[in-house]
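We did not get these values from a lab; they are worked out from the coordinates using the rules stated. Since we're looking at a predicted model, the values are computed, not measured. As a convention, Cβ positions derive from the backbone with ideal geometry for all residues, glycine included, and neighbour counts pool all protein chains shown.
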Amino acid sequence: MRSSVVGVVVAAVAVATSAMWFFQTTTRSESTRGQTFQAARMADGKPDLNGIWQALNSANFDIQAHAARPALALTPAAPRSGAPGLVRATHVELPHPLVRPLGAVGGVPAGESVVEGDEIPYQPWAAAKKKENAEHWLERDPEIKCYMPGVPRATYMPYPFQILQSTDKVVMAYEFAGASRTIHLGKVSDSPAPTWMGWSRGRWEGDSLVVEVTDFNEETWFDRAGNFHSDELHVTERYTPTSADHLLYEATIEDPKVFTRPWKIRMPLYRRLESGKKLLEYKCVEFVEELMYGHLGVIDPATGQKNK
Amino acid sequence: MNARHPVVTLALAAIVGAAIATIGAQQSTTNAQPGSTALSWKQATTPWGDPDLQGVWRYEAAIPLERPARFEGRESLTDEEVKESQRLEDEQARQRLAGAEGAAVGRRSVAESPIRGNEYNSFWQDHGRPRQVFRQTSLIVDPKDGRLPYTPDAKKAEARSSARYGAGPYESYLDPDTGERCLTDGITALMWQGPNGGHNRIVQSPGYVTILHEEYLDRRVIPTDGRSHGSIRQWFGDAVGKWEGSTFVVDTINFIDRTNYEWASIFTRPSETLHIVERFTRTGADTMEYRITVEDPTTFEKPWTAVIPITRLNDGTQIYEYACHEGNYAMTNLLAGGRADAAKRSR
C-alpha cells in the first residue's frame, strides 16, 4: 500500500496544474504524507466527489493475492508416461480448450490482495462452494452473461464509472452493462425486493461518503475467482478523497450466512484525466446473446444452420 | 419479463385517446397535485446555479403520438370530447382499481373489449388514477397533420415489423424486437413510455444532467459544459446539452446503425442519420414540457416534432431496478415455442 500512496501523491502533484473544470475549486495540492487532504467542496459545502473514476488493479480477476496464470479456466495436462526420466514430478495445468485460442490475451495478471489480511473468512461449506465456483467459472461467472455486477465488484471492474453528485442523491453510473445506482442521502423508503445492485443509503462523515448497501440478491460475485455472497450481504462503502485525483475506496463486507466475521477491502480509485472524458456505452447484452441463446432457436445465427 | 413494446402503448394510447377528450392541464381532475398552479410557481435553481429539473417524471397523459383519423384536421378536442374522454379515463381507472382487468375482463382483443383501452396488454397501464386529459389531439404538433412523415420505404418496413410483432416467426434471438431482447425501446420513446416502467429520474450535478430511465435501466449522462460532439457511435448516440434560459436543450447525433434489427416500431431504432433535439422546459412545480424534434432521412421525409406534457411524481417516488436481461426467461420460452412450431409444421 505504501508505495501506491507515494505514487498517488506524485501523480497528484504532476497533474495539479491541469485544471479540468470540475476541480477548479481545488485550491491546494497536498503533497505531504501524513497530512489530511482537504477535498474540494460543492456549492453546498459538501466534499466534491464528481468525476470519472477507475480502479487500476487486478481485483476483478481475484480480490485475493494471486500469481499470474495462463487462463481463468484451466484443465490438467494429460499425464506423461513412456520415456524414463521424463515423468513429470508436478501437476501441470493448461488453458481450457474453450479459451486456449486467446493465448496471452486470456491470461490472468498477478495481483496483490485488496482484502485486508488477505483472508476471506468463509464458513466451511462456503469455502467449498467458492472453490467449486472457480472450477466452473466459465458457466457460473455472472460477468460472462453481462449481468449487473453488484457491489463492490462494480467499483473495480476494468471499466470506468462516473460519480454524479447532487445535493440529496448521488448517482453511480457504471460503464459495464450500463448499470447504475442511486445513493439516497436523505430519507428513503425500504427496497421492495432484492436487487442486483443493492439499495444504497449514504451519509457524509467528514470528507467521506459512507454508503450502506443492502437488499442484494445472491446472484452477484466479488470477482472472477468465484468469491460469492448470499442475500444477507451488507456492504458498507467509504469513498474518501485523498488528493484532487484520487479516492480511497473501502468496503466492509458482512454476510452471516456465508462468512464467520465481517471483512474489508480497500484500494485507491484514480480520476480519468483525459480531457473531455465521458462514460461510454458497454451494452453487452448484444454481445452475449449468441452464447446464451444461439443454440436455443430453430436457427443459430452464428452458423445460419438449423440447430439440432 | 417486462418488455412491452412502445407500439402497444402508442396503439393503446391512440385507441384510448381517440375515444377521449380533454379538459386541459389546469383542470386535470383527480391527478392535479398540490403546488402545480402556474401562478405560485417559480423556477428553482441548483446550488451551482442551473435551473433545477430534478425529480421523478413520467408521462401520464392520454394523448396518442399520432393524430387518430377521427380528429383529422383538428389540433384540439371540443368541450364535449374532453368531457367524454375524462369519463372514459375515470371509468378505466375505476375498473383497474377494482381489479377488473386480466381475469375479469379476459385476454380480449381490442375489438372484443367492453371498454376500449382495457383489453389484453392494458395491464401494463399501471395507473391507479385516471390519465390526464388534454386538448391536444396528438403528441405530434409538426407536421400539422399530426402524423409521422415516413418515407415510403419506411412505411413498408413499419407495416412489416408491426405485422411480425407478437406473431413471429421466432427462429432465433435476432427475431424478437429489441425490447424483448432487453436492449432498449429506443431513445425517442423513453420519455413518453408512461405506464411500463416509465419513471424517469433527473439528477443534476455541476456540468451534467443525468436521466435515469427505469425502463431497461437506460441511462443518459448529458454534459452541459459546452463540449462539442464526440465521434463514437452508440445506441444512445452522442449527446451534448446546454441551457437556454430555463430550458434544457439536448442535441444528439452519432447513433449506431441498428436498422437491421426488427423493431415493432421502426422510428425508435437508431440509424446513423438520426438527429434528435430535445427541449425540457419546466412549466410548474409538477409539470414539464418535453419537446422532441426527430430528423432522420433514412426513415422520415422531413423532421417531426412532438410536444409531450410530463408530470413530476411525489418526492418519495423511486426508480426501481429493471433487471430485464437478468430475468429474460421470455426469450428462452419464445425460442422453445418457435422450435415447437417448427416441429409441428414439419410433421
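Summary of values
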| read-out | value |
| --- | --- |
| Meets criteria (at positive phi and loosely packed, with under 15 Cβ neighbours inside 10 Å) for A:Gly276 | yes |
| Selection count where residues are more than 7 Å from every other protein chain (Cβ to nearest Cβ), out of contact with any Asp or Glu (no Cβ under 9 Å at 6 or more places or on another chain) and surrounded by 13 or more Cβ atoms within 10 Å (Cβ to Cβ), scope the range B:301-326 | 2 |
| Residue in the range B:240-247 that is at positive phi and away from chain A (no Cβ under 12 Å) present | yes |
| Residue satisfying all of: in the range A:211-262; more than 14 Å from the chain's Cα centre (by Cα), of a type in the set (A, V, I, L, M) and in a loop (DSSP other than H, G, I, E, B); surrounded by the fewest Cβ atoms within 10 Å (Cβ to Cβ) among these | A:Val258 |
| Residue that is nearest to the chain's Cα centre (by Cα), among those in the range B:185-219 that are more than 8 Å from every other protein chain (Cβ to nearest Cβ) and hydroxyl-bearing (Ser, Thr, Tyr) | B:Thr188 |
| When residues of the range A:190-226 are limited to those that are in contact with a Ser or Thr (Cβ under 8 Å, 6 or more places away or on another chain) and of a type in the set (S, T, N, Q), the one farthest from B:Tyr322 (Cα to Cα) | A:Ser208 |
| Unique match (being touching a Ser or Thr at 6+ places or on another chain (Cβ under 9 Å), among the charged types (D, E, K, R) and either more than 30 Å from A:Asn217 (Cα to Cα) or surrounded by fewer than 19 Cβ atoms within 10 Å (Cβ to Cβ) (or both)) among B:Arg345, B:Arg258, B:Arg233 | B:Arg258 |
| Filtered residues of the range B:163-205 (kept if part of a helix (DSSP H, G or I) and more than 30 Å from A:Asn307 (Cα to Cα)) | B:Ile187, B:Thr188, B:Ala189, B:Leu190 |
| The lone exception for A:Arg181 - which of (1) without any contact (Cβ under 8 Å) to a residue 60 or more places away in the chain; (2) among the basic types (Lys, Arg); (3) in a loop (DSSP other than H, G, I, E, B) it fails | (3) |
| Identity of the residue in the range A:263-307, away from every other protein chain (no Cβ under 11 Å) and either assigned to a loop (DSSP other than H, G, I, E, B) or of a type in the set (Val, Ile, Thr) (or both), that ends up nearest to A:Ala154 (Cα to Cα) | A:Ile265 |
| Set A:Met157, A:Met172: member being touching a Lys or Arg at 6+ places or on another chain (Cβ under 6 Å) and more than 7 Å from chain B (Cβ to nearest Cβ) | A:Met172 |
| Test: B:Arg227 is in a loop (DSSP other than H, G, I, E, B), within 11 Å of chain A (Cβ to nearest Cβ) and either among the hydrophobic types (A, V, I, L, M, F, W, C) or buried (at least 17 other Cβ atoms within 10 Å of the Cβ) (or both) | no |
| In the range A:178-216, residue nearest to A:Glu281 (Cα to Cα) [restricted to those that are hydrophobic (A, V, I, L, M, F, W, C) and within 8 Å of chain B (Cβ to nearest Cβ)] | A:Ala179 |
